[in-house]
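Data block below; observations after.
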Amino acid sequence: MVRALYMDNSYLKSWNTKVVSVTDGKYILLEQTAFYPKGGGQPWDEGFIIKNDLKFKVIYVDKFSGYISHEVDKIGLKVGDEVSCEIDWERRYTFMRYHTASHLISSILYKRADAKITGNQIELDKTRMDFSMQDYSPEKLRDFVEEANKLIEQDLSITIDYMSREEVIVKPELARLAVGLPEKISEFRIIRIGDIDEQVDGGTHIKHLKEIGKIELIKTVNKCKNNRRMYFKLK
Ligand SMILES: [Zn+2]
């Protein structure tokens, strides 16, 4: 299986490729794709697959049996078609900024409060993070967000690397999700923020922290010890 193009280059917005499979007229597999499939709290990419002058809108992207499947709005694409692809960049770039911001917040939650992330959902105008945290207070969360904003000012670089399962297993801080590492995967993609954070991750990220702008805490919710929640937005 070919590695998705967004894995090593989150900034790729357009490329040429070939249709390799069409199911029910509307579910398309491409030889190479940079369309991000829904996963890890990050929504799917939208955009276009273009054949000659005909534009097929990509309305949903998901992974099935390890393959990235693109649902388009109309039938007409055939196996072997040479196509060009375009990502709705405004949508994707917003998700990239939110995704890196959520890593920054989760890094501080982990370091300052030993909190683990139990869920997260990125949206176009906000992100929700669920986490466990023993000693919770809304003031602490405000402080954490302030700390994150100070780190953004330092404009640290975000880099991508790959590590083996053996290397990842001895560093539990690499996989801070409460659910642990997926089985059957032998090589893991690591997202690093400067030298302050590294995490196993399949999402798309910005290159420099300043691209986030500023994080603003919208709301905190205290459900119980293992279920705290916060919403933030970017300015
Ligand atoms: Zn992530």
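None of the figures in this text is laboratory data; all of them are computed from the coordinates on show. Just so it is clear, the structure is predicted and the values come from calculations on it, not from any experiment. Don't worry about glycine lacking a Cβ; one is built from the backbone with ideal geometry, like all the others, and counts go over all protein chains shown.
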Could you pull out every residue, at least 5 positions away or on a different chain, whose amide H is within less than 5 Å of the one on Ala115? Hs are placed 1.01 Å off N in the peptide plane, and Pro or chain starts have none. Tyr110
Quick one: divide the alpha-carbon radius of gyration of segment 93-235 by 2.2 N^0.38 Å and tell me what you get. 1.00
Toy charge model, Lys and Arg Cβ at +1, Asp and Glu Cβ at -1: segment 44-203 dipole around Cα centroid in debye, rounded to 20, equals 320 debye
Which is farthest toward the positive dipole end of segment 79-140 among Ser106, Gly80, Tyr136, measuring Cα position about the Cα centre, with Cβ charges +1 (Lys, Arg) and -1 (Asp, Glu)? Tyr136
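GluC sites (Glu not before Pro), restricted to segment 154-235: which are DSSP loop and have at most 10 other Cβ atoms within 10 Å?
On the way: sites: Glu166, Glu167, Glu173, Glu183, Glu187, Glu198, Glu211, Glu216; in loops: Glu183.
Counting only loop positions with at most 10 other Cβ atoms within 10 Å, the GluC sites (Glu not before Pro) in segment 154-235 are Glu183.
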Phi angles of segment 46-54, converted by Karplus (6.51 cos²θ - 1.76 cosθ + 1.60, θ = phi - 60°) into ³J(HN,Hα) in whole Hz with x for Gly and Pro, give 10, x, 9, 10, 10, 10, 6, 10, 8
May I ask which of Lys55/Lys116; Lys74/Lys210; Lys111/Lys235 have a Cα-Cα span longer than 31 Å here? Lys55/Lys116; Lys74/Lys210
Taking θ = phi - 60°, what integer Hz values does the Karplus form 6.51 cos²θ - 1.76 cosθ + 1.60 yield along segment 124-137, in sequence order, with x for Gly and Pro? 6, 10, 6, 10, 9, 10, 10, 7, 9, 7, 4, 9, 8, 7
Nearest-ten-degree value, helix 89-113 long axis tilted from longest Cα axis of the chain: 30 degrees
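Are there trypsin sites (Lys or Arg not before Pro) in segment 15-50 that DSSP marks as loop and that have at most 14 other Cβ atoms within 10 Å, and which are they? Don't skip to the answer; put the middle values down first.
Working: sites: Lys18, Lys26, Lys38; in loops: Lys26, Lys38.
Counting only loop positions with at most 14 other Cβ atoms within 10 Å, the trypsin sites (Lys or Arg not before Pro) in segment 15-50 are Lys38.
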Distance from the Cα centre of segment 141-157 to that of segment 207-224, in angstrom? 9 Å
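Taking every pair of Cα atoms in segment 1-120, average 1/r, invert it to obtain the Kirkwood radius, and report Rg/Rh to two decimals.
Over the Cα atoms of segment 1-120, Rg/Rh equals 1.06.
Once every DSSP H run of n ≥ 4 in the chain is given -39500 (n - 2.57) and the sum is divided by its residues, what mean residue ellipticity at 222 nm do you get, rounded to the nearest 500 deg cm²/dmol? Display every interim value, and only then the final one.
Values: 3 runs with 46 residues, N = 235.
Rounded to the nearest 500, it is -6500 deg cm²/dmol.
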Could you tell me how far the Cα centroid of segment 24-74 sits from the Cα centroid of segment 101-125, in Å? 28 Å
Compare the Cα positions of Leu156, Phe232, Ile193 along the charge dipole of segment 153-235 (+1 at Cβ of Lys, Arg; -1 at Cβ of Asp, Glu; about the Cα centre) and return the one farthest towards the positive end. Phe232
Starting from the Kirkwood Rh over alpha-carbon pairs, what translational D in µm² s⁻¹ does segment 1-70 have by Stokes-Einstein at 10 °C and 1.306 mPa s? 127 µm²/s
